[in-house]
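Visitor: First the structure, then my questions, so here it is.
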Amino acid sequence: MATEPKKLTIIKLHINKLVVNARGEYVPVTLQRYIPVEKDGKVKAKLRKALASDEEHNFKWFEAGLSARRRLGHGRCGTAYSTSLNYILDYSNPDTERITSPGPEYLPPVVLKVANEDGLERLASEALNYRKLWSLQGVSIPCYYGWFKLSLEDGFRIPGVHSIHEDSSKPRELSILLLERMGKPLSLKETDEEVDDIMDILVDIARSGIRHDDIRYENLFMAPTSPPALPGEICRSHERRHKFRIIDFESAKSSGSAAASSMVAIYFQFLAKIYSPRKLLKSK
C-alpha cells in the first residue's frame, strides 16, 4: 500500500473567506482529512485519525488555518484558489501553542483545489493518485498535503462553485485537495535543456506505472521558486532537481511498468506538437 512521505501532515483544515451563508456573508469552515481508499474499482473515503502507531513513522500532525485569496483557475474537476497561512497548531506536541502568522518553513505556499459534490469522485481519484506517486512529490509533481471533506450547512455555498440558484435543500459537499503552489506556466520559449527536463518529468510519470491521460500544455508548470517554496527534491532517476512539474491527476489510471515505453512515446509526440520535432530530438 502506498504511504505518504515523512513530512508535515495536516489532519484538520480551518478555512476562511471561501464559504458564504444564505446572506452572502463569509463563514469559517473546518474540514477533516480523509484517506482515499480503492475498493472494487471505486474510490471511497476513510476518515484519517491521528493514531499512536503513526508516531513510530515520525509523522507530525498539524491543524492549519488558511484564508482563501485569489481564484487561480477552473478545470474539469475543480476550482483552484491561492491562500494565505494564518496559523499552525502542532498536535504531536501538546505543549505547543498555536503559532500565528507562521512562515513558509512551517507550510510553503499552497493552493486549494475545490470541488462540489459533482466532482467529489474525481477529486478522490486525484488524491489517490497523488498518494500512489508520493515518491515523485516535490520532484516531478506538486507536494500533496491532503484531501479534506465537509458537508455544508443548509444555505451555505462557495461562490463560483455552487450556484445561488441550485436547490439548497440538497446536501452540498465540499471536497478539497491541498497542494503545493506551482510556479509560472510554460512560456513556449524553453531552451533545449529545459525541453529535455520537461521530457524527463514525463518519463518519471511513465515509469511510475501511472498513465496521466490528460497531458496538456495547461498542466505543465515551472517548479515553484524557493524560497518561499521548499527546495525541490533531487530526482533519483536523473540525479538532479527538475525545473518543471506536471499537475492534474484526476483522470490518471494505473498502467503498470510494462506500459512505460509506449507512454514515453505518447509523451514525446505530445511535446513534438508544442516544440519543433528538431528541437525535441536535439534535446534527446
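Visitor: Kindly state, to the nearest 0.05, the FRET efficiency for S237 paired with K189, given R0 = 25 Å and r defined as their beta-carbon distance. List each step's numbers first, then the result.
Guide: Values: r = 26 Å, r/R0 = 1.05.
With a Förster radius of 25 Å, E is 0.40.
Visitor: What figure, in Å² to the nearest 10, do you get for the accessible area of Y26 with a 1.4 Å probe and non-protein molecules left out?
Guide: Around 140 Å² of this residue is reachable by solvent.
Visitor: Same structure again: If you roll a 1.4 Å probe over segment 108-254 with all protein chains in place, what percent of the accessible area is carbon or sulfur? Write down the numbers at each step before the final one.
Guide: Details: 3180 of 6350 Å².
Taking all protein chains in place, segment 108-254 shows 50 percent carbon and sulfur surface.
Visitor: If each residue of separation counts as 0.36 nm, what is the full-extension length gain between Y106 and R70 once their alpha-carbon separation is subtracted?
Guide: On the way: separation 36, 0.36 × 36 = 12.96 nm, distance 2.15 nm.
Going from the current span to full extension adds 10.8 nm.
Visitor: Another question about this same structure. Work out from phi, with θ = phi - 60° and the Karplus expression 6.51 cos²θ - 1.76 cosθ + 1.60, the ³J(HN,Hα) of each residue of segment 77-90, listed in order in whole Hz, and give x for Gly and Pro.
Guide: In residue order, the calculated couplings are 10, x, 10, 9, 10, 6, 9, 10, 8, 9, 7, 10, 10, 8 Hz.
Visitor: Only Lys, Arg, Asp and Glu count, each charged at its Cβ (+1, +1, -1, -1), so figure out the dipole size of segment 60-203 about its Cα centre, rounded to 20 debye.
Guide: Values: 17 positive and 22 negative charges, 86 e Å.
So the dipole magnitude of segment 60-203 works out to roughly 420 debye.
Visitor: Follow-up. Please list, in chain and number order, the residues 5+ apart from C235 or on another chain whose amide H is under 5 Å from its amide H, with Hs placed from the backbone.
Guide: Those lying under 5 Å, H to H, from C235 are R240, R241, H242.
Visitor: Identify, among P159, L188, Y145, the residue whose Cα sits farthest towards the positive end of the charge dipole of segment 138-234, taking +1 on the Cβ of Lys and Arg and -1 on the Cβ of Asp and Glu, with the dipole about the Cα centre.
Guide: P159
Visitor: Here is a follow-up. Kindly report, to the nearest 10 Å², the accessible surface of M199 as traced by a 1.4 Å probe over protein heavy atoms only.
Guide: The accessible area comes out at roughly 0 Å².
Visitor: Just to confirm my numbers, what's the Cα centroid distance between segment 178-235 and segment 101-164 in Å?
Guide: Computed from Cα coordinates, the inter-centre distance equals 19 Å.
Visitor: Something else now. Given the Cα-Cα distance of K273 and E173 and 0.36 nm per residue of separation, how much length would full extension add, in nm?
Guide: Numbers: separation 100, 0.36 × 100 = 36.00 nm, distance 3.91 nm.
The span from K273 to E173 would gain 32.1 nm if fully extended.
Visitor: Rolling a 1.4 angstrom probe over the protein chains, ignoring ligands and nucleic acids, what is the accessible area of S226 in square angstrom, nearest 10?
Guide: 60
Visitor: Between S251 and T225, how many nm apart are label points set 7 Å from Cα along the C-beta direction?
Guide: Rounded to a tenth, the inter-label distance reads 3.2 nm.
Visitor: Averaged per residue, what accessible area in Å² does segment 114-234 show with a 1.4 Å probe, protein chains only? Each step should come with its number before you reach the end.
Guide: On the way: 5140 Å² over 121 residues.
Per-residue accessible area for segment 114-234 comes out at 42 Å².
Visitor: Past 22 Å, Cα to Cα: identify those pairs from K12/K113; K184/K273; K184/K253; K113/K273; K39/K149; K17/K46, in the order given. Walk me through the numbers on the way to the answer.
Guide: On the way: K12/K113 16 Å; K184/K273 20 Å; K184/K253 26 Å; K113/K273 29 Å; K39/K149 19 Å; K17/K46 27 Å.
In this structure, K184/K253; K113/K273; K17/K46 exceed 22 Å between Cα atoms.
Visitor: Going from most exposed to least, what order do T30, T83, T100, T9 have by accessible area with a 1.4 Å probe?
Guide: Working: T30 60, T83 35, T100 95, T9 5 Å².
Listed by decreasing accessible area, they come as T100, T30, T83, T9.
Visitor: Ranked from the most accessible area to the least, with a 1.4 Å probe and all protein chains present, what is the order of Y144, Y106? Could the numbers behind the result be given before it?
Guide: Values: Y144 5, Y106 80 Å².
Highest to lowest solvent-accessible surface, that is Y106, Y144.
Visitor: When the chain is fully extended, how far beyond the present Cα-Cα distance does K46 get from W134, taking 0.36 nm per residue of separation? All intermediate terms of the calculation are to be shown ahead of the outcome.
Guide: Working: separation 88, 0.36 × 88 = 31.68 nm, distance 1.84 nm.
Net length gain for the segment: 29.8 nm.
The values are calculated or read from the model by the stated rules, or taken from the named source; none is laboratory data. Computed from a prediction, not measured in an experiment: that's the story for all the values here. Positions of Cβ are generated from backbone atoms using ideal geometry, with glycine treated the same way; all protein chains shown enter the neighbour counts. The area values use the complete protein model at the heavy-atom level, side chains included, leaving out ligands, DNA and RNA. Shrake-Rupley method; radii C 1.70, N 1.55, O 1.52, S 1.80 Å.
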